[in-house]
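Heads up: the structure comes next, in structure tokens.
The values are calculated or read from the model by the stated rules, or taken from the named source; none is laboratory data. Predicted, not measured: the structure shown is a model, and the values here were computed from it. Note: ideal-geometry Cβ built from the backbone for every residue, glycine included; neighbour counts use all protein chains shown. Quick note on the areas: whole protein, heavy atoms, side chains included, nothing else; ligands and nucleic acids left out. Shrake-Rupley method; radii C 1.70, N 1.55, O 1.52, S 1.80 Å.
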Amino acid sequence: QVQLVESGGGLVQTGGSLRVSCAASGRISSINAMGWHRQAPGKQRELVASITTTGGIPIYADAVKGRFTISRDNAKNTVYLQMNSLKPEDTAVYYCSARRSVHFDAWGQGTQVTVSS
């Protein structure tokens, strides 16, 4: 099993920045990519960014390209999401996720990010 624990998040004004972190534990070797998803009220959960555990190749949703940066520290088994130039539409619960085969199938408990206008 894989356990994911998020930290960070909170309330920020439009244009501000936040960083969320995710510490992974358990069967780390089974993970081939880490990601951040988000879910806003009344909307489906969507992938925001992901990064492979080998090679560190990032992928971003179009809505966050140029504003968000995903990074990883393999020594700490931690993945980060730096969010800059935040917009009210970025308001959501952000979930850390891990991919062990084809799909992201391990999830953290989520952390709230709220951007005020």
(message) Among the residues that make up region 19-29, is at least one of them at pLDDT 95 or above and in a loop (DSSP other than H, G, I, E, B)?
(response) no
(request) Would you check if Val5 is open to solvent by 20 Å² or more (accessible area, probe 1.4 Å), assigned to a strand (DSSP E or B), modelled with pLDDT of 95 or more and of a type outside the set (Phe, Trp, Tyr)? (result) yes
(request) Under 7 Å between Cβ atoms, at least 6 apart or on separate chains: pull out the pairs that start in region 68-82 with a residue that is charged (D, E, K, R) and end on any residue that is assigned to a loop (DSSP other than H, G, I, E, B) and loosely packed, with under 14 Cβ neighbours inside 10 Å. (result) Arg72/Gly56
(request) Specify the residue that is most open to solvent (accessible area, probe 1.4 Å); the eligible residues are those in region 8-18 that are closer than 17 Å to His37 by Cβ and assigned to a strand (DSSP E or B). (result) Gly8
(request) Could you list all residues from region 22-49 that are open to solvent by less than 50 Å² (accessible area, probe 1.4 Å), free of Cβ contacts under 8 Å to residues at least 60 places away in the same chain and closer than 30 Å to Ser117 by Cα? (result) Ala40, Val48, Ala49
